[in-house]
Amino acid sequence: MPTAGSFSDGELGFTYSKHGPNLRNTLTFQALPRVTGAFRYSGVGDRNRMFIESGYTNWDRSFDLRIDLLKENNYLPDLTIGLQDFIGTGMYSGEYLVASKTFLDNLRLTAGLGWGRLSSNSDRVISSTGDRNSSTSNLGGTLNYNRFFKGSVASFGGFEYQTPINSLRLKAEVSSDDYSFDNYLSTYSVDNNYNYGIEYDLNDSLNLSAYYLNESELGLRFKISTNPANSPGNFMEPVPQPFYSYPIPEKDLSKNYIEELKETLNKEKIFLISSSQVGNNQIVVIEQKHYSTNSQAIGRTLRIMSRFVPLKYNKFTVVVAELGIPIVEVKIDRNEIASIVDAPNSELLSLKAAKINSAKSVYKNSNPNYNTRLNYDWSILPYYRLHLFDPDNPFYYDLGPRLRARILPKPGLMISASLEKSVVSSFDSIWRGVKGSLPHVRTNMKEYLNVLDERIEYLTMSSYFKLQDEVYGRITAGYLEPMYAGISSEILFSPINKNYAFGAEINTVKAREFRQQFGFREINGLSKVNGHLSGYFDTGFYYYKSQFDVGKYLAGDVGATLKLSRNFPNGWKVGGFFTLTDASFNEFGEGSFDKGIFMTIPFNSILPYQTTGSVSETIKPIQGDGGARLIVNERLYQLVNDKSIKSLKTNWGRIWR
């Protein structure tokens, strides 16, 4: 049963629990200090029907939302209001209002009121708040607002006792859920409302619980959690060079000072794109793929510049580029920085002294230094793919090697490719295919996933450029993703000192053959020309960023997508999105409309050294054809945004590390 209160802000957790013919896998995220969201995937039932060969009669996807109305203090309890399965088929649909209070430092009492499933136990019903619509949606995925806090009201409660062993707690509860909602799927029934449990923290991230339910059932629960705001630190990263008040005299250098600068930057995994001198200002254009924050790369560049650049240049300008395109410049007075770099508050003082602006489209009289390893890059690494939520087999996997390579013949021009080969895979067993009545632009994905032989994930040529100092352009052509090839063009207006940006994209596409080599196929109804207008906004509220896209999707439907993402300073991203178009819920089919959650886990947050590597995963409860958008690598906003003034200031604390 629910308890009041919340986790630490930003905490991300996964819980696996099992009792009787009930399996629940729950992903939770403390989205705000008072707001918690959860996605649950449950196996239910033991009756010999439907999907029983998978281990359970049926599988259900649902979303929960909790809001803390009060935070506990000396006089008041935690008070939480919650919506359970408020988007879904309604199998777990219920609402609650619950309060919890700690007494004597080791006893926590809970009492609450429940509606819907949480009032299914008639022995606990105490009142009613009108009639509750008990009908369920065959399509699922819709907001069940017409049920909220309606119907019978039941009471529930419990206590938690903290034992003298710090990590061990005892629990007991009286439940208002009799599991009658599952009768058509399960033979499980409840004869006793009282449940008991014991809970043990293995460490700060791992928790193990055991429960005794219904006087006969033993339940187990395992939870793993982490907080993206926490990082172990990069203690294996080499210490930076000092900031030199006086550079090494040119006569003592074995090479030209620019060559020395270039070679030393390379050792720090920072690449010199070009350099120039304007009056007393030494300008360098750099690019890096090592440090998780551009602020740290800028700081290390300034330190190295102080070592080699002659004193006659008392101004330093560091321009940060991406794919050879200059994006942001940071200008400082070397003498001023030399006097404050070792001060206790040097980060704050240097931020006040720095001038941050949009980079120019072209830096005149620059000496190009593009003949570095940045011109090409390749890797052979293992990959994984998951295909989830098929009720016949909820978990398909695919593992193998992936060869990726990219070549940059000149700044702004990139040729990239990715080849894959499945080695250990169950993807060839995926059989569930098209659904709905829209053109099958995504639901025929299983034909692509069934291919285990060598295949081209993408093979493209891209051109990136600046039309003006704050206006960027991109043209990408080739095999854009496993399912589509074509040409994608994009323009982005992104003022470096603002918290908003605007963009537009237009695509011309053709469906690729299932074999994912060089051939093509036809899809009836495919919108071969599609695109979007996009708006981006950094809310400045708990690191949340939003994106709103409106336009035409692959199936020809017209509508809009809203995406909200919490981007932690250390690179973690957790968010969700949904799309509504002029395609009806019936045309979309099961799931009703496109929606999902996503996360990015940066390796930098779990490794003892710096890296820009990460792993990303998007979870869609149902894949449909409505709201399907073309996948294009390295769209402009994702290349530009982490170099905005706001992003640099957020991570400025790493400037001298």
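Being within 25 Å of Asn203 (Cβ to Cβ) and either free of Cβ contacts under 8 Å to residues at least 12 places away in the same chain or open to solvent by 30 Å² or more (accessible area, probe 1.4 Å) (or both) is the requirement here; does Arg24 meet it? Spelling it out, Arg24 is indeed within 25 Å of Asn203 (Cβ to Cβ) and either free of Cβ contacts under 8 Å to residues at least 12 places away in the same chain or open to solvent by 30 Å² or more (accessible area, probe 1.4 Å) (or both). Elements of the type strands (runs of 3 or more DSSP E) sitting completely within region 348-429 and holding at least 1 residues that are among the acidic types (Asp, Glu): these cover 376-390, 393-410, 413-420.
Go through Leu265, Leu213 for me and flag whichever is aliphatic (A, V, I, L, M) and more than 20 Å from Pro326 (Cβ to Cβ).
On the way: Leu265 fails: more than 20 Å from Pro326 (Cβ to Cβ).
None of the other options fit; the residue is Leu213.
Within region 40-61, residues that are of a type in the set (Gly, Ala, Ser) reach partners that are in a loop (DSSP other than H, G, I, E, B) with beta carbons closer than 6 Å, at six or more positions or on different chains, in the pairs Gly43/Tyr56; Gly45/Pro21; Gly45/Tyr56; Gly45/Thr57; Gly45/Leu185; Gly45/Ser186; Ser54/Asp392. Looking across region 548-597, the residues that are among the charged types (D, E, K, R), crowded, with 20+ Cβ neighbours inside 10 Å and assigned to a strand (DSSP E or B) come down to Asp549, Arg566, Lys595. Any chance region 634-650 includes a residue that's more than 17 Å from the chain's Cα centre (by Cα), open to solvent by 30 Å² or more (accessible area, probe 1.4 Å) and under 26 Å from Asn25 (Cβ atoms)? The answer is no; no qualifying residue exists.
When you look at Ser155, is it touching a residue at least 24 places away in the same chain (Cβ under 8 Å) and assigned to a loop (DSSP other than H, G, I, E, B), yes or no? I'd like the intermediate steps shown before the answer.
Numbers: touching a residue at least 24 places away in the same chain (Cβ under 8 Å): yes; assigned to a loop (DSSP other than H, G, I, E, B): no.
No; evaluated as a whole, the condition is false for this residue.
When residues in region 274-314 are screened for being more than 20 Å from Leu648 (Cα to Cα) and not in a helix (DSSP H, G or I), 15 of them pass.
Only one of these is surrounded by 15 or more Cβ atoms within 10 Å (Cβ to Cβ), over 20 Å from Phe518 (Cβ atoms) and of a type in the set (A, V, I, L, M): Ile430, Ile415. Name it. Quick ask: steps written out before the conclusion?
Values: Ile415 fails: over 20 Å from Phe518 (Cβ atoms).
Being surrounded by 15 or more Cβ atoms within 10 Å (Cβ to Cβ), over 20 Å from Phe518 (Cβ atoms) and of a type in the set (A, V, I, L, M) holds for just one of Ile430, Ile415, which is Ile430.
With respect to (1) over 17 Å from Leu311 (Cβ atoms); (2) open to solvent by less than 70 Å² (accessible area, probe 1.4 Å); (3) of a type in the set (Ser, Thr, Tyr), the lone exception for Ser245 is condition (1).
So that you can scan it fast, the table gives a plain yes or no per residue for (1) in a loop (DSSP other than H, G, I, E, B); (2) of a type in the set (S, T, N, Q); (3) open to solvent by 50 Å² or more (accessible area, probe 1.4 Å):
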{"position": "Asp131", "(1), (2), (3)": "yes, no, yes"}
{"position": "Lys150", "(1), (2), (3)": "yes, no, yes"}
{"position": "Asn166", "(1), (2), (3)": "yes, yes, yes"}
{"position": "Tyr212", "(1), (2), (3)": "no, no, yes"}
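Would you be able to say whether some residue in region 402-410 is open to solvent by 70 Å² or more (accessible area, probe 1.4 Å) and charged (D, E, K, R)? Yes - at least one qualifying residue is present in region 402-410.
Looking across Asn357, Asn369, Asn365, one residue alone is open to solvent by 40 Å² or more (accessible area, probe 1.4 Å) and in contact with a Lys or Arg (Cβ under 8 Å, 6 or more places away or on another chain). It is Asn357.
Count of region 240-265 residues, restricted to those that are part of a loop (DSSP other than H, G, I, E, B) and either closer than 30 Å to Asp178 by Cα or at pLDDT 90 or above (or both), is 11.
Just wondering, is there one or more residues in region 112-124 that are surrounded by 15 or more Cβ atoms within 10 Å (Cβ to Cβ), over 29 Å from Pro33 (Cβ atoms) and among the basic types (Lys, Arg)? Yes, some residue in region 112-124 is surrounded by 15 or more Cβ atoms within 10 Å (Cβ to Cβ), over 29 Å from Pro33 (Cβ atoms) and among the basic types (Lys, Arg). The set of residues from region 168-184 being in contact with a helix residue (DSSP H, G or I) (Cβ under 7 Å, 6 or more places away or on another chain) and either in a loop (DSSP other than H, G, I, E, B) or under 30 Å from Asn106 (Cβ atoms) (or both) comprises Ser176, Asp177. Look at region 607-630: where a residue is at positive phi and at pLDDT 90 or above and a partner is open to solvent by 30 Å² or more (accessible area, probe 1.4 Å) and outside any loop (DSSP other than H, G, I, E, B), sitting 6+ places away or on another chain with Cβ atoms under 6 Å, you get Gly627/Thr581.
The values are calculated or read from the model by the stated rules, or taken from the named source; none is laboratory data. Worth saying up front: this structure is predicted, and the values here are computed from it rather than measured. Note: ideal-geometry Cβ built from the backbone for every residue, glycine included; neighbour counts use all protein chains shown. Protein only, heavy atoms only, side chains kept; ligands, DNA and RNA dropped before computing areas. Shrake-Rupley method; radii C 1.70, N 1.55, O 1.52, S 1.80 Å.
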